[in-house]
Amino acid sequence: SRYRPDWASLDERPLPAWFDRAKVGVFVHWGVFSVPAWGSEWFWWHWRGEHRADYERFVQRRYPPGTTYAAFAPRFTTHDFQPREWAQLFRRAGARYVVLTTKHHEGFTNWGSPVSWNWNSLDTGPHRDLVGELGEALRESNIHYGLYHSLLEWFHPLYLADKESGFKTQNFVVKKTMPELYDLVLKYKPDLIWSDGDWEAPDSYWNSTSFLAWLYNDSPVKDTVVVNDRWGKNCSCHHGGYYNCADKYQPGTLPAHKWEMCSSIDRLSWGYRSSMNLSELMDVASIIQELVQTVSFGGNYLLNVGPTKEGVIVPIFQERLLALGRWLDTNGEAIYDSNPWRVQMENGTDRVWYSSKEPAVYAIFLTWPQDNVLELSSPIPSQATQVTMLGLAGTLKWQKSPGGGLLITLPYMLPSSLPPQPGWTVKLEGVK
């Protein structure tokens, strides 16, 4: 049966299974904003839209008088961009999918968009098809490819005219937004479309339902493509494919609908900032905690890095991604392909989280108990209960706790001057 261009029909479409199974993705924010590399990826808006004094001062101090935002584009060189190295890094980080910015709210496209004349990565700057090159490398590495795309453009004259009309006209959508979305799908056949920039206008202005009906009925990726929920103001958390709801969204209880948490290693920005310092970055323990909490609540975790204008993912970001990958090498069995269990966290504590994969239950604990005994009150043991620890051979001793749960004797850990890894997993078989 075909989907109609209305939410009642589109929301009935089942989510392709690969997305829920993947659990872990990497987000990449990259564009002309990577040239000033200061403040955030909203640089142009803060500078020219809001006329913020700190941005005015920054440009005056660093660039010649009369510098425009367009003058940054030729400096977006991507000289050091090695797509296969990126793909290898993301694979080692444990990512099952990667989402690249094809166009942010600045309007610059990272591919040769025919409706973005001289404001795209083929005509100026890199003179490269960044979307195509990364896609090829990711597919070689068997990683699903997602494309982020902003519906709006802050300063596009057609968008500003439509906005002026109260969004009664649709010249920008007809001549810019929709041609680009169709072009991206037909040219790159993405596994995922991460829509954004929807918040100023209703979905009827964006023609979102018509596009999604085509995507689900007739596009080359109709059976496999996944989309998020940012297709017009009031769509977030209500309509689309899986839900983002808001940046860095954490529900606190188990949602009824598939969702994704997007987070950034740099807590203050999604794009690269040359002025960032260590205290502003997420440490490995925080990343693992966000991942584990997200997956326990049935979500996917999309962790962002911002490459430099040359196309380098700076070593501190690489270190964080590789640490995540090492943790997943040991504990991934409790993450990938898992489902939420009947209880998400142990007795209201945020230090023990559960996931499940029939017939096993996984308890992921983020703090090592001081007496080496892990107490779990939620699982109900039986005669057949067996406890193992991921990454360790053999079974662990356990006994029934007075309250009816389990007391698990963990292996003795020698005192070490190194900080311990951020989280361990016990696998429980034969529990209810």
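Just so you know, all these numbers are worked out from the coordinates, no wet-lab data involved. Computed from a predicted structure; not experimentally measured. For neighbour counting, all protein chains shown are included, and Cβ atoms are generated from backbone atoms with ideal geometry for every residue, glycine included.
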Out of Thr68, Leu186, Ala334 - ranked by how far each Cα lies towards the positive end of the dipole of the chain, with unit charges on the beta-carbon of charged residues - the top one is Ala334
Report, in whole Å, the centroid distance computed from the Cα atoms of segment 115-153 and segment 310-351.
-> 27 Å
Phe155 paired with Gln421, simple spin-label distance in nm, labels 7 Å along Cα-to-beta-carbon = 4.9 nm
Label points 7 Å out from Cα along the Cβ direction at Thr224 and Asn171: separation in nm?
-> 4.0 nm
Using 1/(1 + (r/R0)^6) with R0 = 22 angstrom and r between the beta carbons of Leu407 and Glu358, what's the FRET efficiency to the nearest 0.05?
-> 0.30
For an R0 of 41 angstrom, estimate the FRET efficiency from the Cβ-Cβ distance between His51 and Asp283 and round to the nearest 0.05.
-> 0.70
Find the Cα radius of gyration of segment 148-246, compare it with 2.2 N^0.38 Å by division, and give the number to two decimals.
-> 1.03
Taking amide H positions as placed 1.01 Å from N in the peptide plane, with prolines and chain starts having none, which residues 5 or more places from Tyr336, or on another chain, fall under 5 Å of its amide H?
-> none
Packing-based ranking, highest mean first, of 80-91, 7-18, 54-65 given that Cβ atoms within 10 Å are counted = 80-91, 7-18, 54-65
Please turn the phi angles of segment 330-345 into ³J(HN,Hα) values with the Karplus equation 6.51 cos²θ - 1.76 cosθ + 1.60 (θ = phi - 60°), one per residue in order, whole Hz, x for glycine and proline.
-> 8, 10, x, 4, 7, 10, 4, 6, 8, 10, x, 8, 5, 10, 8, 9
Sequence-distant residues sharing a close amide H with Phe27 (under 5 Å, placed H) | Val99, Leu303, Asn304, Val305
Rg to Rh quotient for the chain, alpha carbon positions, Kirkwood Rh | 1.01
Once you have all Cα-Cα distances for segment 201-305, histogram them in 10 Å bins from zero and send the whole-percent values.
-> 14, 35, 32, 17, 3
In angstroms, what radius of gyration and Dmax does segment 339-431 have, counting Cα atoms only?
-> 12.8, 40
In terms of modelled amide H atoms, which long-range or inter-chain residues lie less than 5 Å from the amide H of Val227?
-> Ile193, Gly241, Tyr242
With axes computed from alpha carbons, what is the tilt in degrees of helix 53-62 against the longest principal axis of the chain, rounded to the nearest 10 within 0 to 90?
-> 70 degrees
In sequence order, calculated HN-Hα J values of segment 398-409 (Karplus, 6.51, -1.76, 1.60; Hz; x Gly/Pro) | 9, 9, 6, 7, x, x, x, x, 10, 10, 10, 7
Proximal aspartates and glutamates relative to Lys248, as straight alpha-carbon distance under 19 Å, when same-chain residues fewer than 8 apart are discounted | Asp20, Glu41, Asp196, Asp198, Asp229, Glu260, Asp266, Glu280, Asp283, Glu290, Asp350
For segment 86-156, what is one quarter of the convex hull surface built on the Cα atoms, given in nm²?
-> 5.0 nm²
Please report, in whole Å, how far the alpha carbons of segment 33-89 spread along each principal axis, starting with the longest.
-> 41, 19, 16
When the helices in the chain are scored as -39500 (n - 2.57) per DSSP H run of 4 or longer and the sum is shared across all residues, what 222 nm value do you end up with, to the nearest 500 deg cm²/dmol?
-> -7000 deg cm²/dmol
Relative contact order (percent) for the chain, with alpha-carbon contacts under 8 angstrom and 6 or more residues of separation?
-> 17 percent
What angle do you read, to the nearest 10 degrees and between 0 and 90, between the alpha-carbon axis of helix 178-188 and the longest principal axis of the chain?
-> 60 degrees
Phi-derived 3J(HN,Hα) across segment 88-95 with the Karplus relation (6.51, -1.76, 1.60, θ = phi - 60°), rounded Hz, x for Gly and Pro, is 5, 4, 5, 5, 5, 6, x, 6
Could you pull out every Cys in the chain that lacks a partner Cys with its beta carbon under 4.7 Å away?
-> Cys235, Cys262
Three semi-axes of the equivalent ellipsoid, segment 1-48, Cα gyration tensor, whole Å, largest first = 37, 18, 8
Set the Förster radius R0 to 56 Å, insert the Cβ-Cβ distance between Trp117 and Lys432 as r into 1/(1 + (r/R0)^6), and round the FRET efficiency to 0.05.
-> 0.35
What nm distance separates the two modelled labels at Thr367 and Leu392, each placed 7 Å from Cα along Cα→Cβ?
-> 1.9 nm
With +1 on each Lys and Arg Cβ and -1 on each Asp and Glu Cβ, and nothing else charged, work out how big the dipole of the chain is about its Cα centre, in Debye to the nearest 20.
-> 240 debye
